[in-house]
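In what follows, a structure is listed as structure tokens, so that the remarks can point back to it.
The values are calculated or read from the model by the stated rules, or taken from the named source; none is laboratory data. Since the structure is predicted, the reported quantities are computational estimates derived from the model, not experimental observations. So basically every Cβ, Gly included, is an ideal-geometry build from the backbone, and we count neighbours across all protein chains shown.
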Amino acid sequence: MNITETKLKGCFIIEPRKLGDSRGYFFESYNEQAFQRQTGTATRFVQDNQSFSTKGVLRGLHAQQGEHAQAKLVRVLQGRVLDVMVDARPDSPTFGQYEAVELSEENNLQVFIPRGFLHGFVVLSDTATFFYKCDNFYHKDAEWGVRYDDPTLAIDWQLPQDELIISDKDKILPFWEK
């Protein structure tokens, strides 16, 4: 697997080595030893989550805070999404910056998002199945987030506003404050 750090400190794009022939393909989607060796991150995942969404569904920007903060390893099993991560670590040199990566069943890219980041994605294809590993268990009381349309962050979600499908919960998230 090829692992490259993004402009956001501690956030990595992971590209598997895909082997294919007339029967189909094979790739190793995760190898803890290779991941830890190439990133210097001793992350151990304890929970897997999966969601299915239709075109225009935007989920985010979400995180868990305090002792329940989560690092995530995200990928798309079917379809295509724009995956967005925002560095919300106040002591980070990339605090307040975001990175957007297109993840799809074709490119098989994954993104490692460290603890302290906000995360969200929007579905660009007709449907998408999104899968992610977490290094800490979910706790409802530790949830927090920032509005997807925050003017300070100015994220380009690649779809017109009137095509976005946002949950009521995400529509009332607070705006980003530096």
Members of the stretch 20-42 that are more than 16 Å from the chain's Cα centre (by Cα) and either among the polar types (S, T, N, Q) or surrounded by 14 or more Cβ atoms within 10 Å (Cβ to Cβ) (or both): SER22, ASN31, GLN33, PHE35, GLN36, GLN38, THR39, THR41
Residues located in the stretch 46-83, provided they are closer than 16 Å to GLN158 by Cα and aliphatic (A, V, I, L, M): VAL57, LEU58, LEU61, VAL81, LEU82
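Considering only residues that are of a type in the set (Asp, Glu), more than 21 Å from THR152 (Cβ to Cβ) and part of a strand (DSSP E or B), which ones fall in the stretch 84-109?
Listed by number, the list holds a single entry, GLU102.
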Strands (runs of 3 or more DSSP E) enclosed by the stretch 110-176 - at least 3 residues per element that are over 11 Å from the mean Cα position of the chain (by Cα), hydrophobic (A, V, I, L, M, F, W, C) and loosely packed, with under 15 Cβ neighbours inside 10 Å: none
Some residue of the stretch 70-85 being surrounded by fewer than 15 Cβ atoms within 10 Å (Cβ to Cβ), modelled with pLDDT of 95 or more and β-branched (Val, Ile, Thr): no
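Go through GLU102, GLU67 for me and flag whichever is surrounded by fewer than 18 Cβ atoms within 10 Å (Cβ to Cβ) and touching a His at 6+ places or on another chain (Cβ under 9 Å).
One residue alone meets the criteria, GLU67.
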Looking only at the stretch 60-69, and only at residues there that are in a strand (DSSP E or B) and within 25 Å of THR4 (Cβ to Cβ), the one that is modelled with the lowest pLDDT: GLY60
Count of residues meeting criterion [of a type in the set (Asp, Glu) and out of contact with any strand residue (DSSP E or B) (no Cβ under 7 Å at 6 or more places or on another chain)] in the stretch 1-40: 3
Positions within the stretch 6-18 being exposed (fewer than 11 other Cβ atoms within 10 Å of the Cβ) and modelled with pLDDT of 90 or more, in sequence order: LYS7
